[in-house]
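The values are calculated or read from the model by the stated rules, or taken from the named source; none is laboratory data. All of these numbers come straight from a predicted model, not from anything done at the bench. Here the Cβ positions follow ideal geometry from the backbone for every residue, glycine too, while neighbour counts run over all protein chains shown.
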């Protein structure tokens, strides 16, 4: 089984990692890829900000994506049931909604796991919902994990 675990590094993703190890039987034939996609920075104006600023901001975003992957993978590997050598890690810059679905198809994932922020209707309307988009467009099963005690 191939599980693509999409993380944003939030407490919701960390909780989803901990729950995954309790919900799904992980065996030697299971590979988990902890995956993060950082939104690209769009220049706000054609002038007034140096190119160096954008390079530094992009590098900071990449580091935060790597940190999110590492923190989530570490939470996932807290369980003795998961072989840490079966956990791959990947982070890059792109659009999360599209990149998660695309990576799942390219990597031939059997399951996508995402944490839910538990936003209500207006939050989803204003900010969008990565988990909703993944559920709608993925060709494989999707497990959306809520943080304990969250209600919508």
Taking helices (runs of 4 or more DSSP H) that fall entirely within the range 33-146, which contain at least 1 residues that are over 15 Å from residue 16 (Cβ atoms) and modelled with pLDDT of 85 or more? 51-76, 96-107, 130-137
Residue pairs, Cβ under 6 Å, 6 or more apart or interchain, first in the range 1-14 and within 16 Å of residue 108 (Cβ to Cβ), second assigned to a loop (DSSP other than H, G, I, E, B). List them. 1/30; 1/110; 2/109; 2/110; 4/109
Which one of the conditions (1) surrounded by 11 or more Cβ atoms within 10 Å (Cβ to Cβ); (2) farther than 21 Å from residue 99 by Cα does residue 66 fail to meet, given that it meets all the rest? (2)
Within the range 5-30, can you find the residues that are modelled with pLDDT under 90 and not in a helix (DSSP H, G or I)? 8, 9, 10, 24, 25, 26, 27, 28, 29, 30
